[in-house]
1. Out of (1) aliphatic (A, V, I, L, M); (2) within 16 Å of the ligand (Cβ to nearest atom); (3) surrounded by fewer than 24 Cβ atoms within 10 Å (Cβ to Cβ); (4) within 26 Å of Ala281 (Cβ to Cβ), the odd one out for Ala256 is which?
2. Please work out if Ala199 is surrounded by fewer than 19 Cβ atoms within 10 Å (Cβ to Cβ), away from the ligand (no atom under 16 Å from the Cβ) and of a type in the set (A, V, I, L, M).
3. Go through the range 266-300 and give me each residue that's hydroxyl-bearing (Ser, Thr, Tyr) and modelled with pLDDT of 95 or more.
4. For the range 318-332, enumerate the residues that are part of a helix (DSSP H, G or I) and either touching a helix residue (DSSP H, G or I) at 6+ places or on another chain (Cβ under 9 Å) or β-branched (Val, Ile, Thr) (or both).
5. Among the candidates Leu39, Leu85, Leu95, single out the residue that is without any contact (Cβ under 8 Å) to a residue 24 or more places away in the chain, outside the structural domain of Tyr321 (by TED's automatic domain parsing) and surrounded by 13 or more Cβ atoms within 10 Å (Cβ to Cβ).
6. With respect to Glu190, is the statement that it is of a type in the set (Asp, Glu), in a helix (DSSP H, G or I) and either over 18 Å from the mean Cα position of the chain (by Cα) or more than 16 Å from the ligand (Cβ to nearest atom) (or both) true?
7. So, Ser171, is that one in a loop (DSSP other than H, G, I, E, B), among the small types (Gly, Ala, Ser), more than 15 Å from the ligand (Cβ to nearest atom) and crowded, with 20+ Cβ neighbours inside 10 Å or not?
Amino acid sequence: MPRVQRLLEELSNAHGPSGSEGQVRVIVQRELFPIADELESDGLGSLIARLGPRNGSPTIMLAAHMDEVGLMVRYVTPEGFVKFLGLGGMLDQALINQRWVIATRKGMVNGVTGIKTTHVVPLEARSQLFRREQMFIDVGAASKEDAEERLGIRPGDPIAPDSRFMLLNDSKLYAGKAWDDRAGVGLMIEVLRNLRERAGHGTVYAAATVQEEVGLRGAHTSTFKVHPDIGINFESGVAGDYPGTNQDEAQEKIGAGPGLFLHDSSMLPNLKLRDFVLDVAKELEIPVQFNVIAGYGQDGSEIQRSYGGTPVINLTVPTRYLHSHTSVISRNDFDRAVRLATEVIRRLDAATVERIRRFE
Ligand code: CO
């Protein structure tokens, strides 16, 4: 389906570090406006779409975050180089010698994190990593005044990786930045589109959240708007299927089906909901992969801890190399995640949700 590929490409390319999700919001709004019964923003900028009657029973909350890991302008040196702060977790070695885009009041500004040439680095230091405090972005400015006045750069301006979508050699694999969590945002849009076309679902709220990468902040506020009975968070998973990784770190493989998190540092999923999802997957003959991650953190945990507690799962599109300039997902996983989530939601009737919510 070229439409879905185009949507994912557009979402991946959009500039949207935490707190500056505007470009992504425009896409989500355009896609969800014709689908949803109501579309509203919360006070922090998350976009919340409703499908079905207000105060319907049950109320199902879907979430996916619009922001991506990036940087922020901290200050400009007298010589015109931009010093920065990280927004969300990236390895220092993922930052150096990359291209970046700074969104300024005067438009988009290109830059590159410069790296010392090997010619001037002593032999014994050549295998050492550069630390982010040593780094800067070269925007081609002659001075601080030039950067601030001609280019419009100000402290606080958001900086995103400059990395365009790419089909990985005619495969079903999509390479691009920000699959965390634009894969989830695309998934949520397609699920809502499917639900609109099919009868038999409760009231579904889809929250495209902001500021996840700096502490799940948009999910916190948007859950107040929804008051869900049950939650499904859509995320990019963590693949452990390339050289140098192992199963003890991450268990998902790309191309082997959607992932279901059983542990991350922010949330334990509801196991009745896990089993319900697995039953539906079995019926549809969709393979599901588990992932048990020591670190990580995701919006589902904010839904889980709202209003006295809510059963939640985190459903993923397995992703290689997340939180870097270029990550990789499989279109097959994406499509199967759409189908699985759609059918799970359609089967979450009032009695099923009540059963999942009950403690025996
Ligand atoms: Co994420």
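1. So Ala256 meets the others, but not (2).
2. Numbers: surrounded by fewer than 19 Cβ atoms within 10 Å (Cβ to Cβ): yes; away from the ligand (no atom under 16 Å from the Cβ): yes; of a type in the set (A, V, I, L, M): yes.
Yes, satisfied.
3. Pass one, the range 266-300, residues hydroxyl-bearing (Ser, Thr, Tyr): 266, 296.
Passing the criteria: only Ser266.
4. First pass over the range 318-332, keeping only residues part of a helix (DSSP H, G or I): 331-332.
Arg331 - this is the single residue of the range 318-332 that is part of a helix (DSSP H, G or I) and either touching a helix residue (DSSP H, G or I) at 6+ places or on another chain (Cβ under 9 Å) or β-branched (Val, Ile, Thr) (or both).
5. Details: Leu39 fails: outside the structural domain of Tyr321 (by TED's automatic domain parsing); Leu95 fails: without any contact (Cβ under 8 Å) to a residue 24 or more places away in the chain.
Leu85 is the lone residue from the list that is without any contact (Cβ under 8 Å) to a residue 24 or more places away in the chain, outside the structural domain of Tyr321 (by TED's automatic domain parsing) and surrounded by 13 or more Cβ atoms within 10 Å (Cβ to Cβ).
6. Values: of a type in the set (Asp, Glu): yes; in a helix (DSSP H, G or I): yes; either over 18 Å from the mean Cα position of the chain (by Cα) or more than 16 Å from the ligand (Cβ to nearest atom) (or both): yes.
Yes: the conditions hold for Glu190.
7. Working: in a loop (DSSP other than H, G, I, E, B): yes; among the small types (Gly, Ala, Ser): yes; more than 15 Å from the ligand (Cβ to nearest atom): yes; crowded, with 20+ Cβ neighbours inside 10 Å: no.
Criteria not met by Ser171.
Yes/no per residue for (1) closer than 18 Å to Ser327 by Cα; (2) among the small types (Gly, Ala, Ser); (3) not in a helix (DSSP H, G or I):
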site: Lys83; (1), (2), (3): no, no, yes
site: Asn97; (1), (2), (3): yes, no, yes
site: Glu124; (1), (2), (3): no, no, no
site: Glu148; (1), (2), (3): no, no, no
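The values are calculated or read from the model by the stated rules, or taken from the named source; none is laboratory data. Just so it is clear, the model here is predicted, and its values are computed rather than measured. Cβ: placed from backbone, ideal geometry, glycine included. Neighbour counts: every protein chain shown.
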